[in-house]
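**Q** Please see the structure below; I have some questions.
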Amino acid sequence: MSKRAQLSAAVLACALVATACTSSGPEAVTPDLAPRGTTMTTAKPTRQDLSNKVSLTGKVAMNPLYGLTAPTAGQIRYLEVAQSTATPTKPTRVATVWTDGKPNHVEVPAGSTFGGRLVDDKATVTAGMPVASAKYAGYGIVADINGEQAYQIADAVSGTIQAQIKNGPGPFPCTLLGTIAALPAGTVPAPPPPAAPETETPETTGRPAPPPQQPGGTQSEPTGLRLVCTAPDDVKLINGASATLEVVTASAQNALVVPVEAVAGGQGKGKVDVIGADGARTTKDVVLGLTDGKVVEIKEGLTGDETLAVPGPDLPPAQGEQGQPGRPEGGSK
């Protein structure tokens with residue numbers, strides 16, 4: 001190739017490169033992080049049913065023990081309960097809590113027998129305090145729980161429980177028995193020995209006097225924190241079989257929800273950034289409700305017509321703390 005041809009080829013190559021690098025051609029993009037506060041995407045509130053659930057591992061057990069609580073605060077007076085010779089078909093009254101002269105009865109449900117007293121007679125008790133133990137006659141499902149789970153399912157009485165037997169029947173509804181609180185040992189005082197007629201003495205009868213009866217009577221063993229529930233009659237249960245319980249602790253129908261990434265805050269209070277028509281962000285306070293980890297309920301603060309920035313606002317660090325602003329637990333990450 002002649003020098004003239006080589007020069008022409010070089011000029012043409014430079015022209016092509018220059019054209020590719022001009023504003024009219026494609027520009028090279030350097031990957032980089034978006035500045036803090038940049039709106040990556042947006043979301044609008046929606047409505048859906050929402051529930052909080054806790055999953056527990058349990059087992060089928062025979063004649064499980066559960067606790068009965070005081071219906072109100074006051075002084076408890078126990079009744080003398082005769083030992084059952086058969087499974088009761090009616091509730092058995094075992095105690096009365098007196099408040100301002102009004103009686104509030106404690107009864108063992110039908111199908112269960114009295115297990116024992118959990119506090120002293122005439123003791124002052126508080127509402128919800130375990131005061132008696134009862135033993136269910138038949139199969140139940142027992143799940144041990146820890147303290148954190150106990151507070152989550154403390155109001156499970158108003159919720160629902162679904163059970164699934166491993167490699168067995170389910171899911172099916174499981175009816176909660178009594179309280180989830182740990183129970184101390186329960187005792188049933190022994191009845192006093194029958195009084196012998198005054199005319200009958202060892203001297204007059206020639207028989208030795210009977211030994212004095214020891215106090216204490218029968219005793220129910222203490223339990224840890226646990227949930228006890230019963231299956232419908234048509235569900236076949238096998239003692240010792242493993243089971244999984246799903247406890248719905250709270251629920252909301254047609255709740256206004258937004259993605260958790262759009263919210264900063266937690267424990268009932270949060271903030272969101274609302275995008276205006278001009279693209280400006282306005283931070284608003286909201287009241288939070290239930291969450292399933294993907295969306296969170298907005299109880300107050302939004303109408304449902306807003307457009308929210310995702311991620312949501314960054315809250316400043318607590319006074320005296322160093323470092324970058326962040327999101328408290330329960331908000332978006």
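Each row is one residue, and each column tells you yes or no for (1) more than 26 Å from the chain's Cα centre (by Cα); (2) under 20 Å from PRO71 (Cβ atoms); (3) part of a strand (DSSP E or B); (4) among the aromatic types (Phe, Trp, Tyr).
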position	(1), (2), (3), (4)
HIS105	yes, yes, yes, no
GLY115	yes, yes, yes, no
LYS135	no, no, yes, no
GLY170	no, no, no, no
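**Q** Scan (1) modelled with pLDDT of 95 or more; (2) closer than 26 Å to ILE238 by Cβ for the single condition HIS105 breaks and write down its number.
**A** Every listed condition holds for HIS105 apart from (2).
**Q** Sticking with this structure for a sec: Can you name the residue in the range 172-214 that is part of a strand (DSSP E or B) and not hydroxyl-bearing (Ser, Thr, Tyr) and, of all such residues, is modelled with the lowest pLDDT? Steps first, answer last, please.
**A** Kept after step one, since they are part of a strand (DSSP E or B), are these residues of the range 172-214: 172-173, 175-176, 179, 183, 186-187.
Next, from what is left, pick out any that are not hydroxyl-bearing (Ser, Thr, Tyr): 172-173, 176, 183, 186.
Numbers: PHE172: 97, PRO173: 96, LEU176: 93, LEU183: 95, GLY186: 90.
Filtering the range 172-214 for residues that are part of a strand (DSSP E or B) and not hydroxyl-bearing (Ser, Thr, Tyr), the one modelled with the lowest pLDDT comes out as GLY186.
**Q** Name every residue in the range 250-298 that is in contact with a Leu (Cβ under 8 Å, 6 or more places away or on another chain), within 16 Å of LYS44 (Cα to Cα) and without any contact (Cβ under 8 Å) to a residue 24 or more places away in the chain, in order of residue number.
**A** LYS284, VAL286
**Q** A follow-up question, please. Inside the range 117-126, can you point out the residues that are under 32 Å from the mean Cα position of the chain (by Cα) and outside any strand (DSSP E or B)?
**A** Result: LEU118, VAL119, ASP120, ALA123, THR126.
Conditions (1) under 12 Å from VAL258 (Cα atoms); (2) in contact with a Lys or Arg (Cβ under 9 Å, 6 or more places away or on another chain), marked per residue:
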residue: ILE275; (1), (2): no, yes
residue: GLY279; (1), (2): no, no
residue: ASP285; (1), (2): no, yes
residue: THR291; (1), (2): yes, no
residue: VAL295; (1), (2): yes, no
residue: LEU302; (1), (2): yes, yes
residue: ASP305; (1), (2): yes, yes
residue: ALA309; (1), (2): yes, yes
residue: PRO313; (1), (2): no, yes
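**Q** Being surrounded by 17 or more Cβ atoms within 10 Å (Cβ to Cβ) and in a loop (DSSP other than H, G, I, E, B), is that true of even one residue in the range 78-97? First the steps, then the outcome.
**A** Step one: of the range 78-97, the residues surrounded by 17 or more Cβ atoms within 10 Å (Cβ to Cβ) are 78, 81, 92, 94-97.
From what is left, the residues that are in a loop (DSSP other than H, G, I, E, B) are 81.
There is at least one residue in the range 78-97 that is surrounded by 17 or more Cβ atoms within 10 Å (Cβ to Cβ) and in a loop (DSSP other than H, G, I, E, B).
**Q** Return the residue satisfying two criteria in turn: it lies in the range 288-307 and is among the β-branched types (Val, Ile, Thr) and part of a strand (DSSP E or B), and of such residues it is farthest from the chain's Cα centre (by Cα).
**A** The residue in question is ILE298.
**Q** Could I ask something else about it? Would you mind telling me which numbered condition in (1) modelled with pLDDT of 90 or more; (2) small (Gly, Ala, Ser); (3) closer than 30 Å to CYS174 by Cα ALA250 fails?
**A** ALA250 satisfies every listed condition except (1).
**Q** Within the range 237-286, track down each residue that is outside any loop (DSSP other than H, G, I, E, B) and closer than 30 Å to PRO64 by Cα.
**A** The initial filter retains those residues of the range 237-286 that are outside any loop (DSSP other than H, G, I, E, B), namely 242-262, 264-266, 269-275, 281-286.
Within the range 237-286, SER242, ALA243, THR244, LEU245, GLU246, VAL247, VAL248, THR249, ALA250, SER251 meet the criteria.
**Q** Pull up the range 308-333, narrow it to residues that are farther than 27 Å from SER51 by Cβ and modelled with pLDDT of 60 or more, then point me to the one that is surrounded by the fewest Cβ atoms within 10 Å (Cβ to Cβ). Write out each step before concluding.
**A** Residues of the range 308-333 that are farther than 27 Å from SER51 by Cβ, as a first pass: 309, 313-326.
This time we only want the ones that are modelled with pLDDT of 60 or more, so: 309, 313-316.
Working: ALA309: 23, PRO313: 23, ASP314: 18, LEU315: 16, PRO316: 10.
In this case the residue turns out to be PRO316.
**Q** Sticking with this structure for a sec: Would the range 65-76 turn up any residue that is over 21 Å from ASP233 (Cβ atoms), aromatic (Phe, Trp, Tyr) and modelled with pLDDT of 95 or more?
**A** no
The values are calculated or read from the model by the stated rules, or taken from the named source; none is laboratory data. Since we're looking at a predicted model, the values are computed, not measured. Virtual Cβ from ideal backbone geometry, glycine too; neighbours counted across all protein chains shown.
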